[in-house]
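Enquirer: Before I ask anything, here is the structure I am working with.
A short reminder: the numbers here are calculations on the coordinates, not readings from a lab. Bear in mind that the values here come from a model prediction, so they are computed numbers and not experimental data. When we count neighbours, we look across all protein chains shown, and the Cβ atoms used for this are built from the backbone with ideal geometry, even at glycine.
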Amino acid sequence: MNIQVITHPLVQHKLTLMREAECSTGKFRTLTKELARLMTYEATRDFKIEEYEIDGWCGKIQGQRIKGKTVTVVPILRAGLGMLDGVLDLIPSAKISVVGLQRDETTLQPVSYFEKLVDKMDERPALILDPMLATGGSMVATIDLLKQKGCKNIKALVLVAAPEGVKVVNEAHPDVTIFTAALDSHLNEDGYIIPGLGDAGDKIFGTR
Ligand code: URA
């Protein structure tokens, strides 16, 4: 399985606070952002670097910078937006590509109703953001879309994953690593992750 569960104590502590039934909108939103920030640190660990010369206070020295085109962050509407600021805290220069998906009532497959992607997708690493990896349908559709645009280096950042969704994404796109704070038990009959977080979008936006 191409999945990395981030077991850092801060990540697990914060995720547990989010699981509390009485977690307020403000607290849930803040924790979503904080977790996204911590997970970005792990998900970017293998970014390539290059040496370059800078003028230091005592003369010229060799420094390092991230090689290649700036990463694009891809929040899936709407809940993925909750993770965006956390990623931007660490990568303020990131380019943002937004994807909106809805279910086609005939085929039951996710279809794109909104996409605004940055240029040169074929040269950028992409970090897809969606708090909940449930059935995996939206994630696979988003990865399909990015690959159609030439994206070659794609990672998925989710707060909680269901085994069912991980299987679907891994089978469709074995090259895409899923970073998650938790791999939970299963999906219930309504498509919610158990124990999960409930409806993450509603909790982030206060629409519950
Ligand atoms: N989306 C959510 O917000 N929560 C789930 O448990 C599954 C999908």
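Residue-wise test of (1) more than 15 Å from Leu35 (Cβ to Cβ); (2) out of contact with any Pro (no Cβ under 6 Å at 6 or more places or on another chain); (3) in contact (Cβ under 8 Å) with a residue 60 or more places away in the chain.
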residue: Ile154; (1), (2), (3): yes, yes, no
residue: Ala161; (1), (2), (3): no, yes, yes
residue: Gly165; (1), (2), (3): yes, yes, no
residue: Val168; (1), (2), (3): yes, yes, no
residue: Val176; (1), (2), (3): yes, yes, yes
residue: Thr180; (1), (2), (3): no, yes, yes
residue: Ser185; (1), (2), (3): yes, yes, no
residue: Pro195; (1), (2), (3): yes, yes, yes
residue: Gly201; (1), (2), (3): yes, yes, yes
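Results for (1) within 13 Å of the ligand (Cβ to nearest atom); (2) buried (at least 22 other Cβ atoms within 10 Å of the Cβ); (3) over 18 Å from Ser112 (Cα atoms), shown as yes or no for each residue.
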site: Thr142; (1), (2), (3): no, yes, no
site: Asn153; (1), (2), (3): no, no, yes
site: Ala162; (1), (2), (3): yes, yes, yes
site: Asn170; (1), (2), (3): no, no, yes
site: Pro174; (1), (2), (3): no, no, yes
site: His186; (1), (2), (3): yes, no, yes
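Enquirer: From Val87, Val11, which residue is in contact with a Leu (Cβ under 6 Å, 6 or more places away or on another chain) and among the hydrophobic types (A, V, I, L, M, F, W, C)? Show your work before the answer.
Expert: Numbers: Val87 fails: in contact with a Leu (Cβ under 6 Å, 6 or more places away or on another chain).
Result: Val11 is the single residue among Val87, Val11 that is in contact with a Leu (Cβ under 6 Å, 6 or more places away or on another chain) and among the hydrophobic types (A, V, I, L, M, F, W, C).
Enquirer: Hey, another quick one. Only one of these conditions is not met by Thr135: (1) within 14 Å of the ligand (Cβ to nearest atom); (2) farther than 16 Å from Leu77 by Cβ; (3) touching a Ser or Thr at 6+ places or on another chain (Cβ under 7 Å). Which number is it?
Expert: Evaluating Thr135 over (1) within 14 Å of the ligand (Cβ to nearest atom); (2) farther than 16 Å from Leu77 by Cβ; (3) touching a Ser or Thr at 6+ places or on another chain (Cβ under 7 Å) leaves (3) as the failure.
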